[in-house]
Amino acid sequence: MNGAESLVKTLVRGGVDVCFANPGTSEMHFVSALDRIPGIRCVLGLFEGVVTGAADGYYRMAEKPAATLLHLGPGLGNGLANLHNARRANSSIVNIVGEHATYHIQYDAPLTSDIESIARPMSAWVHTSREARLVGADAADAIAVARSPKGQIATLILPADTAWNEGGVVGTVAPTPGPRPVPSEVVQEVVEALKQGDSMILIGNRALRADALPIAAAIGAATGVKVASLSRNPRIERGAGRVSVDRIPNPVENSRPMLAALKTLILVDEVSPVSFFAQPGKIGKLTADTCRVLTLAASGDDVVAALTEVAEAFAARADQVKPDVLARPDMPTGELTLTKVAQALGALIPENAIICDESITSGRGLFPATAGAPPHDWLQLTGGSIGMGIPLSTGAAVACPERQVINLQADGSGMYTFQALWTQAREKLNVVTVIWANRSYKILHGELINVGAGAAGPTARTMLDLDNPTIDWVSLARGMGVEGARATIMEEFTAAMISALARPGPFLIEVVL
């Protein structure tokens with residue numbers, strides 16, 4: 001058994017049964033081993049950002065890590081943006097990167113680079129396998145790190161000779177630990193803070209699942225404290241029969257007033273909120289300096305148990321919290337507007353759908369109009385690095401082939417990784433991609449003003465607008481093997497959406513704004 005074969009067998013033994021891949025020469029022995037050894041589904045992405053973004057979406061829905069396969073340092077570099085988003089989502093990924101043969105590195109061949117240094121900022125664990133006999137054990141360590149309660153990225157670097165040399169041994173993966181218990185003194189400190197009032201409970205990540213949300217809502221009702229979330233969470237379970245949560249709006253001028261008067265901010269699987277960017281004369285921290293920030297549960301902690309203990313201290317009962325009821329908006333007609341499209345989505349989202357949201361500016365009105373749709377999952381952009389949506393929806397569809405995936409996608413960020421449409425076609429994935437075609441990096445027009453640089457002039461507009469030439473998304477989709485339609489009025493959007501949801505496989509709708 002060579003090193004590559006021991007790696008594949010260790011992945012299979014460790015429950016890693018999907019590999020999103022874009023390989024090159026140094027990875028050919030691993031590719032060959034994947035061909036010979038059953039147990040891993042290989043999904044090709046035509047760009048490394050597709051590979052890493054799909055692995056993120058896969059984990060968010062499957063709740064277990066996929067492997068990635070990337071080619072040397074440049075290939076890893078191409079995938080870093082969506083590894084950044086995955087790290088911010090606490091997504092587990094076993095990130096496998098090929099390397100030159102150990103004896104070849106000394107020659108500084110054209111693709112030689114410091115792969116460990118490239119990997120480290122996005123990885124919780126980085127390791128290079130130096131001998132074939134150690135690959136299996138190294139892979140087992142990578143899987144164990146990735147499967148930690150927090151969810152982490154583990155990068156294993158595989159030199160070509162380590163892969164092809166004989167002497168491989170299948171590794172044994174350590175048992176996955178459960179979530180960490182929260183100390184009783186932490187719970188008590190939070191209880192005392194809630195008794196004093198002027199507090200907010202900010203929930204995120206694991207606390208936004210259907211089992212945790214009613215408990216948080218019950219605490220809020222019993223104490224009179226507001227419960228809220230940010231607009232960048234990995235996965236929210238929402239819709240009819242579930243409990244909704246208010247989101248703190250992203251623009252600083254809207255979010256700071258909600259937080260500035262707080263005496264205490266209580267974090268549940270979330271971090272203290274800050275503005276995305278600095279602005280002249282404005283403080284980046286959204287809470288006042290006098291606000292005390294307490295963490296009830298961090299990522300990897302037992303969120304449900306911690307919330308339950310707090311609820312019991314106030315005799316707050318989750319079963320008495322009223323969930324959202326099924327409330328479909330009327331189907332709008334006529335002129336196409338974002339408000340009407342949001343209503344149409346609220347009327348059409350099927351039960352158990354997965355919504356991947358990279359709407360940027362166009363999607364701010366989508367949440368209220370879809371709250372009464374049947375139960376569904378909502379996946380958001382976590383790290384702010386655009387180009388996530390189409391790959392994320394691809395990975396989610398691989399994880400949940402029986403569920404309908406809908407990707408709400410800004411046109412500018414969609415161009416970063418539109419190659420994922422090809423993967424959707426090849427894998428026959430049930431993804432409907434809705435493109436918000438406003439022909440602009442619209443958010444940057446606002447940011448130009450927010451940072452005090454003034455409105456866009458002729459030169460600035462050439463860097464912010466996408467209408468010269470106009471991008472034809474329907475033709476792009478068709479070139480990738482995905483059928484598409486363009487909507488300029490509501491009747492066209494509704495008809496396209498109904499048709500797309502009724503058929504298997506991918507479909508794209510370009511919404512002209």
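Every read-out reported here was derived from the displayed coordinates using simple, explicitly stated rules and does not represent laboratory data. Remember, it's a predicted structure, so these values are computed and weren't measured experimentally. All Cβ positions, glycine included, derive from the backbone under ideal geometry; neighbour counts span all protein chains shown.
A few remarks follow.
- Neighbours of Leu338 by Cβ distance under 14 Å: Lys/Arg scored +1, Asp/Glu scored -1, total 0.
- Neighbour net charge for His71 - beta-carbon separation under 12 angstrom, K R +1, D E -1: -3
- A full extension of the chain between Met331 and Val451 corresponds to an added length of 39.3 nm, given 0.36 nm per residue minus the alpha carbon distance.
- Here Lys64 is the anchor, and the lysines within straight C-alpha reach of less than 26 Å, apart from those fewer than 8 places off in the same chain, are Lys9, Lys150, Lys428.
- Going by neighbour counts of Cβ atoms within 10 Å, the residues Thr295, Thr176 line up, fewest first, as Thr176, Thr295.
- Ratio Rg/Rh [Cα only; Rh per Kirkwood] for segment 14-138: 0.94
- For Asp357, Asp467, Asp289, order by how many other beta-carbon atoms lie within 10 Å, fewest first: Asp289, Asp467, Asp357
- Packing around the peptides 108-114, 428-434, 126-132, taken as the average count of other Cβ atoms within 10 Å per residue, puts them in this order, highest first: 428-434, 126-132, 108-114.
- Net charge in the neighbourhood of Ala86 (other residues with Cβ under 11 Å of its Cβ; Lys, Arg +1, Asp, Glu -1) is +2.
- Amide H contacts under 5 Å for Lys64: none, restricted to partners 5 or more places along the chain or on a different chain, H placed in the peptide plane at 1.01 Å from N.
- Under conditions of 4 °C and 1.567 mPa s, segment 143-241 yields 74 µm² s⁻¹ as its translational diffusion coefficient, taking Rh as the Kirkwood radius over Cα pairs in the Stokes-Einstein equation.
- Toward the positive end of the charge dipole of the chain, with +1 on the Cβ of Lys and Arg and -1 on the Cβ of Asp and Glu, the farthest Cα among Ala210, Ser231, Ala369 is that of Ala369.
- Value in Å of the Kirkwood radius, where segment 441-513 supplies the Cα pairs that are averaged: 14.6
- Calculated [θ] (222 nm, deg cm²/dmol) that DSSP helices of n ≥ 4 give over the chain, each run adding -39,500 (n - 2.57): -11000 deg cm²/dmol
- By the count of neighbouring beta-carbon atoms within 10 Å, fewest first, Glu312, Glu335 end up ordered Glu335, Glu312.
- Under the simplified labelling scheme, the Gln196-Asn468 pair shows an inter-label distance of 5.8 nm, with each label point 7 Å from Cα along Cα→Cβ.
- Considering segment 389-501, its Cα convex hull presents a mean projected area of 8.2 nm².
- Segment 177-308: C-alpha gyration tensor shape, a/c 1.5 cut-off, then a/b vs b/c: prolate
- Prolate/oblate/rounded call for segment 97-192, Cα gyration tensor, a/c under 1.5 rounded: oblate
- Computing Rg and Dmax of the Cα atoms in Å for the structure here picks out one of (i) 24.0, 82; (ii) 22.5, 69; (iii) 23.6, 69, namely (iii).
- Candidates per GluC sites (Glu not before Pro) in segment 397-502, loop by DSSP, up to 13 other Cβ within 10 Å: Glu402
- Close lysine pairs were tallied over segment 184-320: pairs 8 or more places apart or on different chains with Cα atoms under 20 Å apart number 5.
- If you wrap segment 360-406 in the convex hull of its Cα atoms and look at it from every side, the mean projected area works out to 3.9 nm².
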